[in-house]
1. Could you work out how much longer the chain between Lys160 and Phe133 gets when fully extended? Use 0.36 nm per residue separation minus the Cα distance between them, nm to one decimal.
2. Looking only at Ile282, Ile195, Ile138, which one moves most when the chain is put into a Gaussian network model with springs between Cα atoms under 10 Å?
3. When the helices in the chain are scored as -39500 (n - 2.57) per DSSP H run of 4 or longer and the sum is shared across all residues, what 222 nm value do you end up with, to the nearest 500 deg cm²/dmol?
4. If you count the DSSP beta bridges with both ends in the chain, what percent of them are antiparallel, to the nearest 5?
5. What residue among Tyr112, Tyr8, Val122 has its Cα farthest toward the positive end of the dipole of the chain, where the charges are +1 on Lys, Arg and -1 on Asp, Glu, each on the Cβ?
6. Arrange the peptides 243-249, 110-116 so that the one whose residues have, on average, the most other Cβ atoms within 10 Å appears first.
7. Once label points are set 7 Å from the Cα along Cα→Cβ at both Asp192 and Ala303, what is their separation, rounded to one decimal in nm?
8. Mind ranking 149-158, 162-171 by how tightly packed they are, going by the mean number of other C-beta atoms within 10 angstrom, highest first?
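Bear in mind these aren't lab numbers, they're just calculated from the coordinates by the rules spelled out. In this text the structure is predicted, and so the values were computed from the model without any measurement. All Cβ positions, even for glycine, are placed from backbone atoms using ideal geometry, and neighbour counts span all protein chains on display.
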Amino acid sequence: MIIFGEKYNFIKLEYEKIKKIFTKIEYIQHKDSNLKEILCRIRDLIIKNKPELIVLNTKAAFSAEIIKYLKNSGLKGSKYTTIECFLEEYLYKYYIPEDNLDLSFLKNIKSYSKWQYFQKRVIDYFGVFWLIFFSWPIVLYSVYRIKKESPKGPILFKQKRVGFNGKEFECAKFRSMYTNLGYSNPYTQKDDPRIFPWGRIMRKTRIDELPQMINILKGEMHLIGPRAEWNELVQKYEKEIPCYNKRHLIAPGVTGWAQVNYPYGTNIEDAKQKLMYDLYYIKHWNIGLELKIVWMTAMTVVAKKGV
């Protein structure tokens, strides 16, 4: 595969996924290069490597000569695509530009139709029924352990989160932190001293999120959807990330496409990366994708990759 340009910078996690598909990756810089140099570099790499795919990853407009070359015999046995299409087809995420100059890419990001919403609610109720059926012993045990390890404080931790259409609601979770250390830091750190022992187990296995079944039944959340973010973080993200509010076209979920594809985030770039997965999920929602997320979530829990 040849990546032409530097409009989008791939992160390490993405390189690992790409290398499972394409054994060799070559790069061609577009910035500060003249047309002759670019064409020679493309020709040499195509002759040498016979790439399956060329990804057009540049902000600059392609000249007629480059487009003509990519369409002619120089690409025998190969195909080319834009970075936007590549991210959707191979990495299952939606490209977000660095600025707000062109928002046409948002035209396919829409909320659920009435039929889709009906299907989502059926999945929600079905999922909650089986969660209650299988999890009630661990729910009772968690209540016992929380009272034992951190008696000073409530069983549930409730926090204002942003939901459908930007409306706030109180998201319920099992409390996993001591109450006397404060919650000034919105992000959980590795080996965070605020977390008591059973709380750490609950977070890794996502047991702490079981009380969100209440939010699902109330219609404030779905079983699957974008992560329900803290209202103060949302205000920050909306100022710095283009179209961040589009993730609120649907209600948040206990688990989701971003959660199973990207690790726990601690900064703006992480929030942007997760948004790219959320927008892909909204655009491509179907029952098959829903079932895939359920399976990937189960595997994540089994592997204890939760945070």
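1. Details: separation 27, 0.36 × 27 = 9.72 nm, distance 2.79 nm.
Extra length from Lys160 to Phe133 when fully extended: 6.9 nm.
2. The residue that fluctuates most here is Ile138.
3. Values: 11 runs with 133 residues, N = 307.
Mean residue ellipticity at 222 nm (helix-derived): -13500 deg cm²/dmol.
4. Working: 9 of 22 bridges.
If I count the DSSP bridges inside the chain, around 40 percent turn out antiparallel.
5. The residue sitting farthest along the positive end of the dipole is Val122.
6. Result, highest mean Cβ count within 10 Å first: 243-249, 110-116.
7. 2.2
8. Values: 149-158: 13.7, 162-171: 17.2.
With the highest mean Cβ count within 10 Å placed first, the list reads 162-171, 149-158.
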